[in-house]
Amino acid sequence: MSSGPSPPGRRSGSRLAAASSAYLRAAAGQPIDWHPWGPEPFEIARRTGRPILLDIGAVWCHWCHVMDEGTYADTEVGRLLGQHFIAIKVDRDQHPEIDRRYQRQVGALTGEGGWPLTAFLTPEGEVFLGGTYFPPTDGHGRPGFRRVLSEVARLWREEPERLKENAEGIQAALGRMRSARSPGTATTETFVARVRGDILSSYDPANGGFGSAPKFPHPTAVSFLLWDAFARGEESSSERARETLRRMADGGMYDQIGGGFHRYSVDEGWHIPHFEKMASDNAALLAAYVEGAQRFEEPRFAEVVRGTVGWIREVLLLPEGGFGASQDADNAPGDDGSYFTWTRAELKAALPAEEYRLVARFFGVDTDARMPHDPDRNVLFRLLPLAEAAEGLPLPSGPEALLERAIARLRAERARRPTPTVDRAFYSDLNGRLIAAFSRAASLLEDATVLADARRAADRLLEAAYRPGQGVGHRLDPDGPHGFGLLEDQVAVAAGLIELAGASSEAKYLAPAIDLLELVDREFRGEDGLLRDLSPRLYDGPSVGGVAEPSYPLEDSPHLAGNAAALLAFERLSALVHDDRWSAKAEALVGPIAARIAGAGLFAAGSAWATGLLSTASATVVVEGTGPRARALLTAARRTWHPNVWVFEGRPAPPFSFPAEAAPSATDGAVRALVCFGTSCAPPVTEPRALADLLRSGGRASTP
């Protein structure tokens, strides 16, 4: 191994200047000869005998910005990279398949991952060293990147066998991981029971949620607990789900002024977030809060649904239809959440005295959510109930109206600040998830404009990114779709179209959803019948580096994993059209999933939830008649929780289906609701409360 002569080509990142990725374009001015992902840098590395430096990050990633603004802007770092390495920069949002493989390789070596991902590769694309963030010089408890680059270059020249052993060890570890099977998973019941135990043991009784700091939301665990309470009548599971939703909604991870959720909390109490806002997180949490609002009838949960929808529409909604990907955490180099945080002086300047006093108490100013690097700045979180915060204050009007006015003033004041960048890239998987979440939110809120947003996103996606028999491309660039052959795009879009079809009763969305799920079933099968994260036949990216490595998305991250998402989509489609072919596909997938991840604990929650639904009869509700009484029945059905329910206004036409055992349609215009669980149907219901009670019971004699 040798450093070899300087490779030919353009310098200082000019290859990135016209990239479709905002993350790559932002690096074009760095003193580094960056290559985008593709065969060229690997060919140069082989020809020159140089190792590869791979940087994977994203436009929303705070520590990626820190490394770009410090480490990769350092001229000595640029000199060392130019002299000894071939440098590749990857946007993980554009290329999740590349990120997935190299996260696994670096994780097998170091036990850590995340972004930025910094990996040193052989010219064949195998990792031999890696890590995450590196400062330019020693600091932050990490070695400086100048020193790292010099030492890696020396090892490459002088101790190549040592690095080769590292690379071989990583590949051996990955091989062992791929061949691993979890013991004790003879039945789906034992799988679900084991995951249930892991979820309950990881629950934080002091703060809600799961695990310790840094604390991520785990919406799949919330959905599992709601199902668990329904299926087993275990009220403690229900209370854990409710408390988790309450604490996240009251914490600083939820943007109390602008709505929507930040990515995660750096502390156990949900006070201080990592400030980036992701489409993926907000889609998953929006769906979870729709479930919470239906299950618990708490106005606060419906308020969070409205606030999250409002943020998505204000920030991510694209004029041409669909949704963008993220909002950055920072608004300038060196920033850390200043757009989202407040000093006392800023609050006093923005609010009348009576509003300021209420806001300071209610939102816990100068208590538990002061920024560590600048204690004068506060993340706003709900410290006290509003009535308690208002005690003893001379308020000119009720505290609810006063708080609403104060929040409106703070929103207006914040809008005058430099705004963190919004990535308006159109990704199919993110749009599919938001189509599904908006469809569910529209039903809860009975808001036709929310459903219209979902419809416009679906129409754009189907027109511009979907090709029958080939599926959907991962990203929609100005020149068309790219990134075909990725599992999560097909499954997320299919799931979104299924939810939209059911919410709107528009059959035109079912045909492409079925095409996508048939494509998944046909083209993505791999070991043991599991679903690969990409289809070798459909994949249109360059198969260089580690892309050929088989990879199976089985663990939630913390959102629903690809195999679990397919399992759930099969189930939802089966319930919508009453076609057992789809539930059979779901059942066939459960065993292989359980064999792989029964020991994954909290990160198997999505699979356990979807597995549990297989043993739970789906519900179908048809409301017949017109007028206020029919509207009241529809509202009751749409606002009542059941783990797998479809609600129709009037008897659905094919391909939607209603069990043959149901009562025949009324011929006298009577107002009533027909409810079936699986293929077993209850007598017609005429009262909203009775309809809600019937749905909650699942047709059983008593409500859990």
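Take Thr343, Thr244 and order them by how many other Cβ atoms sit within 10 Å, fewest up front. Can you show the working numbers first?
Working: Thr343 18, Thr244 25.
The most exposed by this proxy come first: Thr343, Thr244.
Got the relative contact order for the chain handy, in percent, Cα pairs under 8 Å and 6 or more residues apart? Display every interim value, and only then the final one.
Details: 1399 pairs, mean separation 78.9, N = 704.
Rounded, it is 11 percent for the chain.
Counting C-alpha atoms alone, how compact is the stretch 426-614: give Rg to one decimal and Dmax as a whole number, in angstrom.
Here Rg and the maximum Cα pair distance are 15.9, 49 Å.
Using the Karplus curve 6.51 cos²θ - 1.76 cosθ + 1.60 with θ = phi - 60°, what ³J(HN,Hα) values do you get for each residue of the stretch 192-209, in whole Hz, with x for Gly and Pro?
Couplings: 4, 5, 5, 5, 4, x, 5, 5, 5, 6, 8, 5, 9, x, 7, 10, x, x Hz.
So what's the angle, to the nearest 10 degrees on a 0 to 90 scale, between helix 510-523 and the longest Cα principal axis of the chain?
The angle comes out near 50 degrees.
Using a/c under 1.5 as the rounded threshold, could you call the stretch 466-551 rounded, prolate or oblate? The axes a ≥ b ≥ c are square roots of the C-alpha gyration tensor eigenvalues, and prolate needs a/b larger than b/c, oblate otherwise.
Numbers: a/c = 2.66, a/b = 1.51, b/c = 1.76.
Judged from the Cα gyration tensor, the stretch 466-551 comes out oblate (a/c at least 1.5, b/c at or above a/b).
Can you give the helix-only mean residue ellipticity at 222 nm for the chain, where every DSSP H stretch with n ≥ 4 adds -39500 (n - 2.57) and the sum goes over all residues, rounded to the nearest 500 deg cm²/dmol?
Taken over the chain, the calculation gives -14500 deg cm²/dmol.
Excluding same-chain pairs closer than 8 in sequence, count the lysine pairs in the chain whose Cα atoms lie under 26 Å apart.
Details: Lys89/Lys164; Lys89/Lys277; Lys215/Lys277; Lys508/Lys585.
Taking the Cα cut-off of 26 Å, the pair count is 4.
Amide H to amide H, which residues 5 or more places from Arg142 or on other chains are under 5 Å from it, using H placed in the peptide plane?
For Arg142, no residues qualify.
Choose one of Leu461, Leu538, Ala494: the residue whose Cα lies farthest towards the positive end of the charge dipole of the stretch 424-545 (beta-carbon charges +1 Lys, Arg; -1 Asp, Glu; about the Cα centre).
Towards the positive end, the residue furthest out is Leu461.
Per 20 Å bin, what percent of the C-alpha pairs of the chain does each bin hold, from zero upward?
Calculated over all Cα pairs of the chain, the distribution is 17, 49, 29, 4, 0 percent.
Whose amide H sits under 5 Å from the amide H of Val647, counting only residues 5 or more places off or on another chain, with H placed in the peptide plane?
Placed amide hydrogens put Val621 under 5 Å from Val647.
So the label point goes 7 Å from the Cα of Ala412 along Cα→C-beta, right? Which residues of the stretch 328-371 then have their backbone N under 13 Å from it?
350-352
Helix 628-638 versus the longest principal axis of the chain: what angle, 0 to 90°, nearest 10, using Cα atoms?
That works out to roughly 40 degrees.
When a footprinting reagent is the concern and you count Cβ atoms within 10 Å, what order do His271, His474 take, fewest first? Spell out each step's value before the answer.
Values: His271 23, His474 28.
Starting with the residue having the fewest Cβ neighbours, the order is His271, His474.
Among bridges DSSP assigns within the stretch 546-704, what percent are antiparallel (round to 5)?
Numbers: 9 of 14 bridges.
Roughly 65 percent of the DSSP beta bridges within the stretch 546-704 come out antiparallel.
Note down the magnitude of the dipole of the chain about its Cα centre, charges +1 on Lys and Arg C-beta and -1 on Asp and Glu C-beta and zero elsewhere, to the nearest 20 debye. Present the calculation step by step, with values, prior to reporting the outcome.
Working: 76 positive and 92 negative charges, 55 e Å.
In debye, rounded to 20, the chain gives about 260.
To the nearest 10 degrees, how steep is helix 605-614 against the longest Cα principal axis of the chain, on a 0 to 90 scale?
Relative to the chain, helix 605-614 is tipped by roughly 40 degrees.
Which ordering of Cys681, Cys64, Cys676 is given by a fewest-first count of other beta-carbon atoms within 10 Å? Intermediate values should be presented prior to the final figure.
On the way: Cys681 18, Cys64 26, Cys676 22.
The order, fewest Cβ neighbours first, is Cys681, Cys676, Cys64.
Every number in this text was worked out from the coordinates using simple rules, so none of it is lab data. In this text the structure is predicted, and so the values were computed from the model without any measurement. Cβ sites come from the backbone with ideal geometry, for glycine too, and all protein chains shown count toward neighbours.
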